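This report concerns only the one structure given below.
The values are calculated or read from the model by the stated rules, or taken from the named source; none is laboratory data. Predicted model only: the values in this text are computed from it and were never measured. Using ideal geometry, Cβ is built from the backbone for each residue, glycine included, and neighbour counts are taken over all protein chains shown. Note: areas computed on protein heavy atoms with side chains; ligands, DNA, RNA excluded. Shrake-Rupley method; radii C 1.70, N 1.55, O 1.52, S 1.80 Å.
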Amino acid sequence: MSDHHHKETFITKYIFSTDHKMIAKQFLITGMFMAIIGMLMSAIFRVQLANPGEYSILYELLPGGWLNEDGGLNPDKYLALVTMHGTILVFWVLTAGLSGTFANFLIPLQIGARDMASGFINMLSYWFFFIATVVLLSSLFVESGPASGGWTIYPPLSALPQAIPGSGTGMTLWLYSITLFVVGSLLGGLNYIVTILNLRTKGMSMQRLPLTVWALLITAILGVLSFPVLLSCGLLLLFDRSFGTSFYLSDIIINGEALHNVGGSPILFEHLFWFLGHPEVYIILLPALGIVSEVIAVNSRKPIFGYKAMVGALLLIAFLSFIVWGHHMFMTGMNPFLGSVFTFTTLLIAIPSAVKVFNYLATLWRANIRFTPAMLFAIGTVSAFITGGLTGLILGDSALDINVHDTYFVVGHFHIVMGLSAIYGMFAGVYHWFPKMYGKMMNKTLGYVHFWGTFICAYGVFFPMHFLGLAGLPRRYYTNSSFPMFDGLADINEIITFFALAGAIVQAIFIFNFFYSIFKGTKTTANPWKSNTLEWTTPIERIHGNWPGELPVVTRWAYDYSKPGMDEDFVMQNVPLKEGEKEH
Amino acid sequence: MTNLLIALVVILAIAALVQLVRVNELLSEITNEDTNSVTDDDNNKNGILFLLTIPLFLGFVVWQMVTWDHLLLPPASSVHGAEIDSLMKVSMTLILIVFFALTPMLFFFAYKYRGKKGNTAYFFSHNNKLEVVWTVVPTIILTALIIYGLRTWDRAMNPDLSQATVIEVYSKQFDWTARYAGEDNVLGQSSYLLVKGKNTLGVDMLDEPSSDDIVTREVHLPVNKPVLLKFRSRDVIHSAFLPHFRVQMNCVPGLSTQFGFTPTKTTEQMKLEEGEDFEYVLLCNKICGAAHFNMQMKFIVESEEDYNKWISSQQSLETTLTLK
Amino acid sequence: MKKSIKEKALKQLLWVGIVSISMFFAGLTSAFIVRKAEGNWTEFILPDWFIASTAVIILSSLLLIFVKIRLRKGKSIFNLLFTTLVLGIIFSYFQFEGWGQLTNQGIYLTGEGSNVAGSFLYVLTLSHLVHLAGGLIALVFSSVKSKLNLYSIDNCLGLDLTINYWHFLTVLWLYLFIFLKFL
């Protein structure tokens, strides 16, 4: 029975909602909005890289003062774009947009709960995120520009406005914004964990949880343990910036002025930052993998292969993710023995990752695949995970990292695992659960065009980057034309920019499809994908408390697809066992 | 004006898209089929596209490897660098094998098992033996790779420095300066508080070893002789990247880092192999501000004779910094 | 959802939140350890005021233990809660005095004569105090509710949460105090 029937006003339904489904959509829309901004930023700086110093019409999108006299982009504003692009995509889109949307939407529905443990705290988690967004975007309009020290904001560059203008007000706003963001994230994560542990419906044991929920649970635990360290890291930076302390600063002369700071170490910052930074990329990846497990199983009409191994792999990846952070710091002059330890743990993490890939392949083997747009993206995720994961073996090996660290090789790697793999997972999730979210279907043909266009363009952008990296080209360079040794790479840069712009335009198809379908899409049926999980037992129109009557009772795991002896090729989780049927 | 036209084009494109979708929907209403349910035809089309992806995608990869191979860095010009190159070859071969095995498998399965009405999937939920196999085999391969990698790393990080020429590389926004330790092969002490006027590196001239130090704006190295580069930074984190030597090390204000190596090919040799325009160069490889993209210093590797000639023609700090 | 499940879930929410806050302090104390190992670290004596504040906060937690006992017996708990709140305020005052004592010793957060050892101490104790402020707010709410007799042993979720959070603040302070005194 629903908790209580309160009168819904516009405000309580759409703005300050405590309903997890509405909050999920708030995260999704905000995430999509930020994704467009982040993507436009990358289009702009890619244009600069293809035509260094020249004017482009895309620059009209920038705030005043970002261009120099001849119409070209200012070098420090190039770095501002790169910084904000990274910040927005890593945190706003792939963390909040991905986890925030799908954890909020799916957890109560897939475990058979009315809502999250605390709808109020859930609502707060979105509004902290919203305010963080406003603060971050406001930094685009300050005179000295937004933060420009890379999304990794290493001090002293990020501590000293004299080192780069964006490290002034822009960086302060960045820090406030991230603090609000992390608080919002933590409030969400708390809810996800406690809800999964306590509010599962009768019969929903942990062993019967869909893999999506496992992935979201483990992601939330990762976040709860690692995000706070970013706050401590940022707090010490705040003190160095605003109160003259020397946690990270020492022996500095900037703009001719000798600073008083002594005894600080920027490497301390790097340790604290990457202690979050590495788990963060798994916070980004694991929900995508969880979504993909679900989408592949449903659309293959077979169980996900190796459910227990998949859960084990998730747990092992999560555990290992805490002890590999030093691989971002191989070239800091750390004790070589420490470097060896991090190489060892980093290459170990390849093992559970490989296990997941093999299990996905085994799921597809002898399947009866239905190519919904979601399924296309799920397959894309696996492809990108293979490609990007393998280059991780090069980067994780400290000796090899000497020559590829901070080059385009690493840019290619992390874009393929995050910008392809994780984003494809997010697209798969949107296409797959859109009918549940909005009661309508997204247009299938537009979905096909979106996938194939994106798939081609994305590999076109990021695969060539490996060659740029092996040619020695560093990242975060305003232009590659200052060193004769890179002159031969100009063509590659142009090819990359071409695919980047084409890929950006293709995304318009998705945006159109998404919003058009919300209003004018064909109405869906209750279970359009013939899926086993509990969310599809709720009414199409969606109500508070999710189920109009009693909560469903679970009798089986989520993967009875094409089970021999059953009437259909799927059996929902709340269907009682047949006479003589054994539970898997 | 152009902006207006572009905006118009975009709006019209969207309008066209809307109409297309509407027409599609209306058509389906007439034919009474659900436009958004996936048909065998859809599965066939996408399955074939995945099949095509195999030669196209892999072909694209191979094309890049072939076309751009000449743009990659030439073989390493240092002792440890040659070892790194070997490790890289082995590692790359390994990942390429895995990539070329798994990627077609994925897309081939997508094609072969494309859905058809009337087909049933095979209910195969797990197989513990398989899990063990594909856990143990990668573990063994990775263990071997790790051991090889760690040996190479250890050798790169712990070279024999007993005979190494010591040179300080000093980074600041936005250039590099080198300081040779001179005859005594000991660098004089320095402090950021001593930076003043011509003493751009803050060398403590009262420290005995400083007087024979030599400050230059390009670095000459004798071939086949070990050198130890010591790094400092004046302002923010920079990173000394010498890609041809496979050398990279962060330059951190407040800390001192180092990297020792032995160059094995002279600049002359490289010019013969790579073209007259070739130069060894030091780049900055850690975001450090607006001109990060243009911090460079030339490195020249030459015969010991030429090196000695050059270094003896340089002036020591005793001459350049002390008032005469 | 059933009230008992909701209560269990909300209590767990607090515990997970406490884990998060602990990780924040773990980050700060790790930074402390790493930095100390690098030298240039002024040693100094912890101000006596911090010993006093430690005693005060332990006392406040003890009082809260009695709160549940009294509530079970149906007796009034307002006095105990209010005293705890007052003790919390006294704790905060003692922290300020402690900082004053530090500046008298020449240990500053920042500035010409400061050392990072001092900076860390201020940051750690200030961070704790900020989290304690949250506890004080919770105590205010609980005190008011207890004055209005809104709690019974079967209906005291807010009180339980306040008490658990306050105990965490005490344990956290003990950890920080011992850490700072002996490291």
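Based on protein heavy atoms only, the range B:165-322 ends up with 38 Å² per residue of surface accessible to a 1.4 Å probe. Based on the Cβ-Cβ distance from B:ILE6 to B:LYS309, what FRET efficiency comes out when R0 is 56 Å, to the nearest 0.05? FRET efficiency, B:ILE6 to B:LYS309: 0.35.
Contact residues in the range A:478-500 (at least 50 Å² less accessible area with all protein chains than alone, 1.4 Å probe): A:SER482, A:PHE483, A:MET485. Inter-part distance, the range C:79-93 to the range C:131-183, computed on C-alpha centroids, equals 10 Å.
For chain A, with all protein chains present and a 1.4 Å probe, just round the carbon and sulfur fraction of the accessible area to a whole percent.
Taking all protein chains in place, chain A shows 68 percent carbon and sulfur surface.
Taking the longest Cα principal axis of chain A as reference, the axis of helix A:119-138 is set at about 30 degrees. Close amide H partners of C:ILE77, meaning residues 5 or more places away or on another chain with modelled amide H under 5 Å apart, do not exist here. For chain C, a Gaussian network of Cα nodes joined below 10 Å ranks C:LEU132, C:LEU64, C:LEU150 by mean-square fluctuation, and the top entry is C:LEU150. Across 10 Å bins from the origin, how do the percents of Cα pairs in the range A:199-250 run, short distances first? Spelled out bin by bin, the range A:199-250 gives 21, 27, 19, 15, 13, 5 percent. Cα axis of helix A:169-198 to longest principal axis of chain A: angle in degrees, 0 to 90, nearest 10? Value to nearest ten degrees: 20. Helical runs (DSSP H, four residues minimum) scored at -39500 (n - 2.57) apiece and divided by the length of chain C put the mean residue ellipticity at 222 nm at -28500 deg cm²/dmol.
Of C:GLY111, C:GLY88, C:GLY74, the residue with the greatest mean-square motion in the GNM of chain C, using alpha carbon springs below 10 Å, is C:GLY111.
Largest first, the extents of the alpha carbon coordinates of chain C on the three principal axes equal 56, 32, 23 Å.
The Cα-based radius of gyration and maximum Cα-Cα distance (Dmax) for the range B:176-293 are 15.4, 46 Å. Can you tell me what share of the DSSP beta bridges in the range B:165-322 is antiparallel? A percent to the nearest 5 is fine. About 70 percent, rounded to the nearest 5. Ordered from longest to shortest, the equivalent ellipsoid semi-axes for the range B:228-288 are 26, 13, 7 Å, each the square root of 5 times a Cα gyration tensor eigenvalue. Mean per-residue shielding of peptide B:142-152 is 6, counting Cβ atoms of other chains within 10 Å of each Cβ.
With contacts taken as Cα pairs under 8 Å at a separation of at least 6 residues, chain A carries a relative contact order of 16 percent. Cα centroid distance between the range B:276-321 and the range A:331-404, in Å? Between the Cα centre of the range B:276-321 and that of the range A:331-404, the gap is 39 Å.
Summarise the long-distance tail of P(r) for the range A:471-520 by giving the % of C-alpha pairs beyond 17 Å. Here the long-distance tail beyond 17 Å is 53 percent of all Cα pairs in the range A:471-520. Per the accessible-area calculation with a 1.4 Å probe, the total area buried between chain C and chain A rounds to 2600 Å². Taking the three principal axes of the alpha carbon atoms in chain B, the coordinate ranges are 100, 65, 40 Å, sorted in descending order. When each full DSSP H helix of chain B is screened for a Cα extent of at least 20 Å along its own axis and an average Kyte-Doolittle hydropathy of at least 0.0, the helices passing are B:2-31, B:40-68, B:79-112, B:128-157. Per residue of chain A, the DSSP helices (runs of n ≥ 4 H) give a summed -39500 (n - 2.57) that works out to -19000 deg cm²/dmol at 222 nm. Residues whose amide H comes within less than 5 Å of that of B:HIS220, counting only those at least five positions distant or on another chain, are B:ILE300 (H built at 1.01 Å from N in the peptide plane). Of the trypsin sites (Lys or Arg not before Pro) found in the range C:21-116, those that fall in a DSSP loop while having at most 15 other beta-carbon atoms within 10 Å are C:LYS73, C:LYS75. Taken over the range A:19-518, the alpha-carbon convex hull comes to 142 cubic angstrom per residue.
When chains A and B come together, the accessible area they lose, probed at 1.4 Å and totalled over both chains, is close to 10500 Å². Projecting the Cα positions of B:VAL252, B:THR266, B:TYR280 onto the charge dipole of the range B:229-292 (unit charges on Cβ atoms of Lys, Arg, Asp and Glu, taken about the Cα centre) puts B:VAL252 furthest along the positive direction. Computed over the alpha carbons of the range B:2-120, Rg followed by Dmax gives 24.1, 75 Å. The mean number of partner chain beta-carbon atoms within 10 angstrom of a residue's beta-carbon across peptide A:173-186 is 1. Each principal axis of the Cα atoms in the protein assembly as shown has its own extent, and those three values, largest first, are 100, 78, 66 angstrom. Summarising the amide proton neighbourhood of B:GLN296: residues at separation of 5 or more, or on other chains, whose placed amide H is nearer than 5 Å comprise B:TRP176.
The GluC sites (Glu not before Pro) found in the range B:17-66 that occupy coil by DSSP, while having at most 15 further C-beta atoms within 10 Å, are B:GLU33. Relative protection proxy for A:327-337, B:308-318, from highest mean packing down: A:327-337, B:308-318 (other beta-carbon atoms within 10 angstrom). Run the Debye formula on the Cα coordinates of the range A:319-442, all scatterers equal and no solvent, and tell me log10 I(q)/I(0) at q = 0.19 1/Å. Values, matching the q order: -1.03.
Between the range B:72-94 and the range A:176-232, the alpha-carbon centres lie 43 Å apart.
Please report the carbon-and-sulfur percent of the accessible area for the range B:165-322; probe 1.4 Å, protein heavy atoms only, DNA, RNA and ligands left out. The computed percentage sits at 48.
Rounded to the nearest 20 debye, the dipole magnitude of chain C is 1180 debye, with +1 charges on Lys and Arg beta carbons, -1 on Asp and Glu beta carbons, and the Cα centre as origin. What the phi angles of the range A:384-399 give under the Karplus curve with 6.51, -1.76 and 1.60, with θ = phi - 60°, is a coupling list of 5, 5, 5, 4, x, x, 5, 5, x, 5, 6, 5, x, 8, 3, 5 Hz, glycine and proline written as x.
If only the Cβ of Lys and Arg carry +1 and only the Cβ of Asp and Glu carry -1, the dipole of chain A around its Cα centre is close to 2040 debye. For the range A:466-557, the solvent-accessible area works out to 37 Å² per residue, with a probe of 1.4 Å and every protein chain left in place. Charging the Cβ of each Asp and Glu at -1 and of each Lys and Arg at +1, and nothing else, the dipole of the range B:249-311 about its Cα centre rounds to 480 debye.
Positive end of the dipole of the protein assembly as shown (Cβ unit charges, origin at the Cα centre): among B:ILE147, A:GLY189, B:ALA164, the Cα lying farthest that way belongs to A:GLY189. Expressed to the nearest 5 percent, the antiparallel share of DSSP beta bridges inside the protein assembly as shown is 75 percent. Taking label positions 7 Å along the Cα-Cβ direction at both C:SER30 and C:ILE89, the computed distance is 3.9 nm, reported to one decimal.
In this rough spin-label picture, where each label sits 7 Å from Cα along the Cβ direction, the C:ILE45-B:GLU276 distance is 7.9 nm. Averaged over the residues of peptide A:438-445, the number of Cβ atoms from other protein chains lying within 10 Å of each residue's Cβ is 3. The convex hull defined by the C-alpha atoms of the range A:28-143 has an orientation-averaged projected area of 8.0 nm².
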